[in-house]
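Encoded as structure tokens, the structure appears first; notes follow it.
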Amino acid sequence: MSFKKIWNFIWHSNSLLSWIVNVLLAFVLVKFVIFPGLGLVLQTTHPVVAVVSSSMEHDSSFDEWWTKNNAWYEANGITKEDFNTYIMKNGFNKGDIIFLKSAKEIKIGDIIVFKGNSANPIIHRVVKITNNICTTW
């Protein structure tokens, strides 16, 4: 079979078999080319994660959210001005996709992903660093 026939079969045929081949081809490309390529570029084994909980959702404007939650942050030394400089200050929603990169240094306000006692990765914002141990919220 020539390359041209294979190309036409994959991209122009409307058969069930060509659809199955397309799905398999997409899976193989994502799993073995795109995902590892992103991991190499971003220097991490998990370059992409999906948010599976709603713990960091802000269901209102930032100012409204801050009014409800500022006491805890301010008690831990984080002002509204500090929070305004943080990446994704408006939170993120269940179902969002986040691209990760390796970090040489973690600082307050960063969003980190780590493995806890759950099957799913845990995504939190760093709010305190004590003796090189991060506290998240």
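Read the figures in this text as sums done on the coordinates, not as results from a lab. Because the structure is predicted, anything quoted here is derived from the model rather than measured. Cβ sites come from the backbone with ideal geometry, for glycine too, and all protein chains shown count toward neighbours.
Rounded if a/c is under 1.5, else prolate if a/b beats b/c, else oblate: with a ≥ b ≥ c from the C-alpha gyration tensor eigenvalues square-rooted, which is the chain?
prolate
Give the lysines reachable from Lys31 as a straight Cα distance under 30 Å; neighbours fewer than 8 places away on the same chain don't count.
In chain and number order, the partners are Lys4, Lys5, Lys94, Lys101, Lys104, Lys115.
If exposed trypsin sites (Lys or Arg not before Pro) are those in a DSSP loop with at most 11 other Cβ within 10 Å, what is the longest stretch of the chain that has none?
1-100
I'd like the FRET efficiency for Gln43 and Asn22, computed as 1/(1 + (r/R0)^6) with the beta carbon distance as r and R0 of 41 Å, rounded to 0.05. Intermediate values should be presented prior to the final figure.
On the way: r = 31 Å, r/R0 = 0.77.
E between Gln43 and Asn22, to the nearest 0.05, is 0.85.
Would you calculate the separation in nanometres between label points at Lys94 and Asn14, each defined as 7 Å from the Cα along the Cα-to-beta-carbon direction?
Label at Lys94, label at Asn14, 3.9 nm between them.
Counting helices only, and only those DSSP H runs with n ≥ 4, report the 222 nm mean residue ellipticity of the chain as the sum of -39,500 (n - 2.57) divided by its residues, in deg cm²/dmol to the nearest 500. Don't skip to the answer; put the middle values down first.
Values: 5 runs with 51 residues, N = 137.
Rounded to the nearest 500, the figure is -11000 deg cm²/dmol.
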